[in-house]
Amino acid sequence: MSKQGYIQRYLLIIRLIRNNKYIPLPELVRKVEEGLAYYDDTDDIGISRRTILRDLKEIRSGMNISIEYSRLEGGYYIPEDEDRTADIERILEQYDLMISMHAREELSSIVFPERRKARGTEHLNPLIHAIKHSLTVDFEYVKFDNSISRRRYVMPYALKESRGRWYLLAIESGDNVRHAGEIKSWGLDRIRDLNVSKTRFSKDPSVDPEKEFKDVFGAYSSNSLSVEEVVLSFSPKSGRYNDAFPLHESQETLVDDGKEFRIRLRVKLTRDFIQELLSQSEDLVVISPKHLRKELRDIYRKAMKRME
C-alpha cells in the first residue's frame, strides 16, 4: 500500500470512531474494509484486527489524537474535548479529496473543485516553524489600496483561517509602529519576500490570540470595539443555512417555528461581520442593536444611489 493509502485508512478510522461512539473492534474492522473499497489503491488489501490495532497506535502517537477504549461500553471513542481533532480531520479531508481527484483522469468531468485558490499558502510552513520556535520574521506587505509597500518586522503568534484565506497574527516591532504591542492580522496573500530570521523573541504571556479573536467573526479584531449582543431574524430557508453553518460559536437559536429563524450572538461588529450580513441581505432583518440596523440602512442607501 502507498503512503497515501495509509493516510486514507487513518482518516477513515478517525471518521468512523467520531461518528460511531463506542464502536466495537469487529465492527470497526468491517466498516474500514467496506470504506476502503472506494479507494483505487487499497481494494486488494485485507484488513485484520491486528492491522486496525496497529493503526490506532500510529494515530495516537503520530497524530497525537487520543482514541480511547471504554470497557464499560465495549468500544472505541474520541474524547469530546479534543477540539483539535476537527482541524486534523479537515486537513486530511482536503488531502483525501486531492488524491481522489487525481486518481483518474475521468474524474475531471464529474468533480469540479474551486478554481479560485487562496494565495500565500506557501508561507504556512515557514510561519508555523517561526511560531513554534519564537523566531521573528520580516516581509514586504502589499495593501489592497496599492499604497507603497514597506518592510514589516513582526513577532508571530498564530495563524488564522477565515473564509478561505489565511492570516498571520503577529505583533509588529520597530519605530513608529501604530498600535504597538497589539496583535494585528496580516493576510498571507499580500505577503511578499518572507524571511524567517534566526533571532528569537520572548512571547508576552499576556497576549492570547485565541482569546483576542474569540468574539470576532473573520480575521480582524479591534480593542476599540466592544462585544455586543446581536439578534438577527432570517427566513426559514436562510435559517436552515445558518443553523447548519453558524455565524459564530456564540450563536443560539431563539425562534425556529417554520415562519422565522431568529438567532442571538455576542460579537464585535467588525467590518468582516457587517460584510457577512450584507451578503445575506435578501432574507435578513436586524432586530438589535439599533445602530447596526442604521449602519446597514446607510450602506443600502449609498448602494442604491450608486446604481441610479
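The values are calculated or read from the model by the stated rules, or taken from the named source; none is laboratory data. Every value quoted in this text rests on a predicted model; they were computed, and no experiment measured them. Cβ coordinates were reconstructed from backbone atoms using ideal geometry, including for glycine residues, and neighbour counts include every protein chain displayed.
Scanning the stretch 286-308 for residues that are outside any helix (DSSP H, G or I) and either closer than 23 Å to residue 220 by Cα or at pLDDT 95 or above (or both) yields a count of 4. Against the conditions (1) surrounded by fewer than 17 Cβ atoms within 10 Å (Cβ to Cβ); (2) at pLDDT below 90, residue 68 satisfies every one except (2). When the residues of the stretch 276-293 are filtered to those that are within 28 Å of residue 185 (Cα to Cα) and without any contact (Cβ under 8 Å) to a residue 40 or more places away in the chain, the one that is surrounded by the fewest Cβ atoms within 10 Å (Cβ to Cβ) is 279. Determine if the stretch 191-213 includes at least one residue that is in a helix (DSSP H, G or I), in contact (Cβ under 8 Å) with a residue 40 or more places away in the chain and basic (Lys, Arg). For the stretch 191-213, residues in a helix (DSSP H, G or I), in contact (Cβ under 8 Å) with a residue 40 or more places away in the chain and basic (Lys, Arg): absent. Residues of the stretch 163-190 that are part of a strand (DSSP E or B), over 18 Å from residue 125 (Cα atoms) and in contact with a helix residue (DSSP H, G or I) (Cβ under 9 Å, 6 or more places away or on another chain): 183 alone.
This table checks each residue for (1) of a type in the set (Val, Ile, Thr); (2) out of contact with any helix residue (DSSP H, G or I) (no Cβ under 7 Å at 6 or more places or on another chain); (3) within 24 Å of residue 162 (Cβ to Cβ).
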{"site": "228", "(1), (2), (3)": "no, yes, yes"}
{"site": "242", "(1), (2), (3)": "no, yes, yes"}
{"site": "277", "(1), (2), (3)": "no, no, yes"}
{"site": "288", "(1), (2), (3)": "no, yes, no"}
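Annotation note: of 251, 275, the sole residue that is within 28 Å of residue 121 (Cβ to Cβ) and not assigned by TED's automatic domain parsing to the domain that holds residue 152 is 275.
Residue count for the stretch 228-251 satisfying the condition of being touching a residue at least 12 places away in the same chain (Cβ under 8 Å) and more than 19 Å from residue 274 (Cα to Cα): 3.
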